[in-house]
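Worksheet: one structure, shown below.
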Amino acid sequence: MSHSARIYIGLAILIALSVLFLFSVVHTAAGAPRSGPRAVAEGHRLAQAWCQTCHAVEPRMAGFFDEAPSFQAIADRSGTTALSLKVFWRTSHQNMPNLVISPEQSDVLSAYILSLRGR
């Protein structure tokens with residue numbers, strides 16, 4: 001197999017994987033994400049268990065580290081939406097542990113963060 005054929009196959013695989021990833025993000029966003037009081041309560045529980053080491057997860061509470069924004073600050077950003085949070089959960093970040101969370105966990109964490117908006 002020639003070098004250019006390998007490049008084309010590699011590009012085709014990369015494009016296919018990118019399309020699958022985008023489809024899963026759009027499909028998840030288009031589906032009915034978990035919301036409501038039960039989802040918010042579950043998201044709050046997960047935030048306390050996983051995130052409060054670095055982030056202030058309670059409304060109007062100071063965080064332990066100045067570098068990590070509070071969940072309140074994240075909720076109050078104009079660009080914070082359910083979709084932007086879903087994308088965030090699927091992306092690794094330099095100053096955060098690489099959490100592997102399920103779509104359901106993503107939904108409830110997002111529901112909790114969005115419930116803080118304007119508090």
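Summary table
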read-out	value
Hits in region 91-109 (condition: among the charged types (D, E, K, R) and closer than 18 Å to residue 81 by Cβ)	107
Residue ID - modelled with the lowest pLDDT, chosen from residues in region 29-68 that are acidic (Asp, Glu) and surrounded by 10 or more Cβ atoms within 10 Å (Cβ to Cβ)	58
Flag if residue 111 is closer than 23 Å to residue 38 by Cβ, surrounded by 16 or more Cβ atoms within 10 Å (Cβ to Cβ), among the small types (Gly, Ala, Ser) and in contact with a Leu (Cβ under 7 Å, 6 or more places away or on another chain)	no
Selection count where residues are of a type in the set (A, V, I, L, M, F, W, C), out of contact with any Leu (no Cβ under 6 Å at 6 or more places or on another chain) and closer than 19 Å to residue 44 by Cβ, scope region 72-95	6
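The values are calculated or read from the model by the stated rules, or taken from the named source; none is laboratory data. If you're wondering where the values come from, they're calculated on a predicted model, not measured in any experiment. Glycine also receives a Cβ, built like all others from the backbone with ideal geometry; neighbour counts cover every protein chain displayed.
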